[in-house]
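Down below is the structure, laid out as structure tokens.
The values are calculated or read from the model by the stated rules, or taken from the named source; none is laboratory data. Predicted, not measured: the structure shown is a model, and the values here were computed from it. Here the Cβ positions follow ideal geometry from the backbone for every residue, glycine too, while neighbour counts run over all protein chains shown.
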Amino acid sequence: MASDRIEFIRNGKVEILEGVKPTDTLLDYLRLKEANYGTKEGCNEGDCGACSVVLGREVDGEMHYRAVNSCIYFVGMLDGQELISVEDLSAKGEALHPVQAAMVKHHASQCGFCTPGFVMALFALYHGEDKPSRDGVAEQLAGNLCRCTGYRPIVDAAVEVCDDRMVDKFDERMQETAKLIANMPKQDLFIGNGKRFFAAPKSIISLAKLYQRHPEATIVAGGTDVGLWVTKRLMDLPKVIYIGNVSGLDHILEDDLCLNLGAAVTYSDAEIQIGNIDSDIADTLRRIGSKQVRASGTVGGNIANGSPIGDMPPILLALGASIILQKGNEERMLALGSFFIDYGKQNIEQGEFLKEIQIPKLKQNEYFRCYKISKRFDQDISAVMAAFQFTIIDGVIKSCRLAFGGMAATPKRAFATEHALKDMTLDEFAEGQVEEMLDQDFSPLSDMRASAEYRMLVSKNLLTKALTEISDEIDNIGVTSTRVVGNRAANWTGSSRL
């Protein structure tokens, strides 16, 4: 039997919500229902971080904290978690939380509008596993905008407080909180009726049955895309199925040959395993949204929405990834390239959902490069995303996959160019004009991010860049190099941006 109420932890106690509408946002709940106005509405699309709150999940008896954007996070997704807003850090009569005290000490608040969001992002960092460097703090705060340009004292405060971390009240009651969450009901969540509802099934079987009965429902994993349908397009989504609590869609399995991800696995949960495939991928993952976006957003969602400018699909296409789709009790496997049909159209049947992504790892003689071209380093949509995989033996390109985002109506491989490169030597490529074959593969559009001419020129240059780098790498085999391929980590340090 399904539950019709949301249960979550707030200030060490179980809170219960009933009658929640399908697309009620957490931000609106905090401000309009609780009258807690510390959490701010800024961009209302998950870019500025003013709405940041922290959510806690129970994992093996411990609490794991992450900052999320409450403006695009649906209230129903709270079920089974701990919610912490800026008001919870220091209750009336209590001393300031160490993060808040450090912000005061370093004069890190100016107009104050963004300050609660920064505090919550730093609270999540404070409860992280490692002491962060200044670069680590910069990465944590990439999703928080300070309009007064007061970043330096904020970073100073973060470095100091995380370097000399003290036990706070959340540490003291962690085991109790984890136990409360572990003892919460495990049945499916269904709030509403057959015409309007928010549902959160707990098993793949429940999800499959529910989606077959309501194939017109909107499936939500992290809400980082669907949330904007509500806040920006003002869309009415009468039926929402949240898959973030589905057991069987949350797995991360790998061996020497392949990495398998459940469709509801977030970027944050899998970024180490995905990044270990190649150092270029690790660098690119840091530029997909922000920490808040990656804490909610999923690889599966990036595939399922079929966006032509998503960053992960070109990488997966170049690696030769496959997906598993399920409808009822039936599964089918599909090469990822066969999933994208046209703009807004994917190879998926009514009542069918994405279950798993299978990502092959690089093998001997396989070389990989990927590049994200955007106007900003942090949290920007790509003008062009390019990913290349080459099998090269004795200086000859035996096979390759060249995949691009931002160049067509879907993420797409450059088949004509791949054919032209096959059996070509690296020296022949350096002397020829094979990159001109991209004109046969793509006819990009001009928009606010880039002109068609720019996109084409950049794509050709990136292909040249990739093979030039790989050629140099092959020439330097046996010589100390900072570039590595496969499951080895790159010797790379990001530059300070704050």
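So here's what we get for this one:
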| read-out | value |
| --- | --- |
| Unique match (being β-branched (Val, Ile, Thr) and either assigned to a loop (DSSP other than H, G, I, E, B) or out of contact with any Lys or Arg (no Cβ under 9 Å at 6 or more places or on another chain) (or both)) among ILE392, ILE359 | ILE359 |
| Criterion (of a type in the set (S, T, N, Q) and in contact with an Asp or Glu (Cβ under 9 Å, 6 or more places away or on another chain)) met by exactly one of SER85, SER90 | SER85 |
| Test result for THR410, under 27 Å from ILE359 (Cβ atoms) and in contact with a Gly (Cβ under 7 Å, 6 or more places away or on another chain) | yes |
| CYS148, sole failed condition from (1) within 25 Å of GLY56 (Cβ to Cβ); (2) surrounded by fewer than 16 Cβ atoms within 10 Å (Cβ to Cβ) | (1) |
| Within the range 231-243, tally of residues that are buried (at least 22 other Cβ atoms within 10 Å of the Cβ) and under 19 Å from VAL293 (Cβ atoms) | 2 |
| Given (1) within 23 Å of ILE191 (Cα to Cα); (2) among the charged types (D, E, K, R); (3) in a strand (DSSP E or B), index of the condition GLU58 fails | (1) |
| Residue count for the range 282-326, restricted to those that are of a type in the set (D, E, K, R) and in contact with a helix residue (DSSP H, G or I) (Cβ under 7 Å, 6 or more places away or on another chain) | 4 |
| Index of the failed condition, LEU316 passing every other in (1) crowded, with 24+ Cβ neighbours inside 10 Å; (2) touching a Lys or Arg at 6+ places or on another chain (Cβ under 8 Å) | (2) |
| Single residue of LYS363, LYS398, LYS355 found to be crowded, with 21+ Cβ neighbours inside 10 Å, touching a strand residue (DSSP E or B) at 6+ places or on another chain (Cβ under 9 Å) and either under 29 Å from ASP255 (Cα atoms) or among the small types (Gly, Ala, Ser) (or both) | LYS355 |
| Residue within the range 111-127 that is surrounded by 15 or more Cβ atoms within 10 Å (Cβ to Cβ), more than 25 Å from ASN36 (Cβ to Cβ) and of a type in the set (Val, Ile, Thr) present | no |
| Any hit, the range 29-37, residues being closer than 22 Å to VAL167 by Cα, of a type outside the set (Gly, Ala, Ser) and surrounded by fewer than 16 Cβ atoms within 10 Å (Cβ to Cβ) | no |
| Failed item, numbered, when LEU78 is tested on (1) touching a Ser or Thr at 6+ places or on another chain (Cβ under 9 Å); (2) on the phi < 0 side of the Ramachandran plot | (1) |
| Within the range 166-209, tally of residues that are touching a residue at least 60 places away in the same chain (Cβ under 8 Å), surrounded by fewer than 14 Cβ atoms within 10 Å (Cβ to Cβ) and under 25 Å from LEU96 (Cβ atoms) | 3 |
| Lone qualifier among ASP423, ASP472, ASP439 - being more than 30 Å from LYS345 (Cα to Cα), in a helix (DSSP H, G or I) and among the charged types (D, E, K, R) | ASP472 |
| Within the range 62-99, considering residues that are of a type in the set (Asp, Glu) and in a strand (DSSP E or B), the one surrounded by the fewest Cβ atoms within 10 Å (Cβ to Cβ) | GLU62 |
| Residue within the range 164-171 that is outside any loop (DSSP other than H, G, I, E, B), among the hydrophobic types (A, V, I, L, M, F, W, C) and farther than 23 Å from GLU34 by Cα present | no |
| Residue check for GLU82: modelled with pLDDT under 95 and more than 22 Å from GLY192 (Cβ to Cβ) | no |
| The range 319-340 - residue that is in contact with a Ser or Thr (Cβ under 7 Å, 6 or more places away or on another chain) and surrounded by fewer than 16 Cβ atoms within 10 Å (Cβ to Cβ) and, of those, farthest from ALA387 (Cα to Cα) | MET333 |
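Quick grid of which residues meet (1) free of Cβ contacts under 8 Å to residues at least 60 places away in the same chain; (2) within 16 Å of LEU319 (Cβ to Cβ); (3) part of a helix (DSSP H, G or I):
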residue	(1), (2), (3)
GLY244	no, no, no
ALA264	yes, no, no
GLN273	yes, yes, yes
ARG287	no, no, no
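Every residue, every condition in (1) of a type in the set (Val, Ile, Thr); (2) part of a loop (DSSP other than H, G, I, E, B); (3) under 26 Å from the mean Cα position of the chain (by Cα); (4) within 29 Å of CYS43 (Cα to Cα), yes or no:
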position: ALA138; (1), (2), (3), (4): no, no, yes, yes
position: ARG152; (1), (2), (3), (4): no, no, no, yes
position: GLY194; (1), (2), (3), (4): no, yes, no, no
position: ALA199; (1), (2), (3), (4): no, no, yes, yes
